[in-house]
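The values are calculated or read from the model by the stated rules, or taken from the named source; none is laboratory data. Bear in mind that the values here come from a model prediction, so they are computed numbers and not experimental data. As a convention, Cβ positions derive from the backbone with ideal geometry for all residues, glycine included, and neighbour counts pool all protein chains shown. Calculation scope for accessible area: heavy atoms of the full protein, side chains included, ligands and nucleic acids excluded. Shrake-Rupley method; radii C 1.70, N 1.55, O 1.52, S 1.80 Å.
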Amino acid sequence: MKIGIIGATGNVGQVVTREAMNRGHEVTALVRDGEKAKNLLGNDVTIVEKDAMTLTHDDLAGYDVVVDAFASTKPYLHLDLAARLVSFFREDDSTRLAFVVGASILHNETGETLLADTLKKYAGQPWLDGMIQQDHEYDFIKWVEDVDWTVITPSTEFADGPKTSYKLGNDEVITSADGKEEVSFANFAAALLDEIETPKHIRQQFAVVNA
């Protein structure tokens, strides 16, 4: 498959890129800094150097899947980019969009989202802006009915670690067999590539935790 990865030099994007390449897919890193991508990812990946917010439909139309692993110091750009990508593929099922959205959208045991719970404790803190904007991004995506999309969400503890095994959930906080809310980048990447290869969550969100 032809897979384009926006944000391929980020913590998540790097691992997703390598997992896709290891599986034999034709992978393109869509990045702002081509030299950084080459240093991090090597010479075997195709690199397109372009700011995510200037990507056009023609830039992305040839991919079977576009993964949005975008990260920015300007949190509102998460929503802006999602809207841009959706606009490119309205009523066009030739390209699937896979959005990586943070754990703040998950619900805890009381039924509240983690964002709502956190806002009660830390309202007004500037570091909440990223969580708030990703929540808005997900709210927007859920309304989209004429694009082939999937949202994949890591568990609350998201960190570097080996590829072992994982389990899936929906929009609630899930735990591993030992009760931890943790998923490694490698297991997350494996879950994302499994979904790309065998789609099971068309226009749905799902979460990933270590098994």
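A few notes on this one:
- Residues of the chain: accessible area per residue with a 1.4 Å probe, Å²: 49
- Compared with the dominant Cα axis of the chain, that is its longest principal axis, helix 129-142 is turned about 70°.
- Mean residue ellipticity at 222 nm, helices only, the chain: -10500 deg cm²/dmol; runs of at least 4 DSSP H residues each add -39,500 (n - 2.57), and the sum is divided by the number of residues.
- Under a 5 Å amide H cut-off, with hydrogens placed 1.01 Å from N, residue 96 pairs with 65, 66 among residues at least 5 apart or on other chains.
- Under-5 Å amide H pairs with residue 157, H placed in peptide plane, nonlocal only: 182, 183
- Using the Stokes-Einstein relation with a Kirkwood hydrodynamic radius computed over Cα pairs, the translational diffusion coefficient of segment 127-176 at 10 °C and a viscosity of 1.306 mPa s comes to 118 µm²/s.
- Packing around the peptides 77-85, 56-64, taken as the average count of other Cβ atoms within 10 Å per residue, puts them in this order, highest first: 77-85, 56-64.
- Note on the chain: with neighbouring protein chains present and a 1.4 Å probe, carbon and sulfur make up 46 percent of its accessible heavy-atom surface.
- Each part reduced to its alpha carbon centroid, segment 137-156 and segment 95-121 end up 12 Å apart.
- Amide hydrogen neighbours beyond the local backbone of residue 204, cut-off 5 Å, H modeled: 151
- Evaluating 6.51 cos²θ - 1.76 cosθ + 1.60 at θ = phi - 60° for every residue in segment 61-76, the Karplus couplings come out as 5, x, 8, 6, 9, 10, 9, 9, 10, 5, 9, 8, 6, 10, x, 5 Hz, glycine and proline recorded as x.
- 30 Å Cα-Cα threshold exceeded, pairs from 74/167; 2/36; 142/180: 74/167
- A simple spin-label model places pseudo-atoms 7 Å from Cα toward Cβ; at residue 35 and residue 108 they are separated by 4.6 nm.
- Note, ³J(HN,Hα) from phi for segment 112-118, Karplus 6.51, -1.76, 1.60, rounded to Hz, x at Gly and Pro: 7, 6, 4, 5, 4, 5, 5
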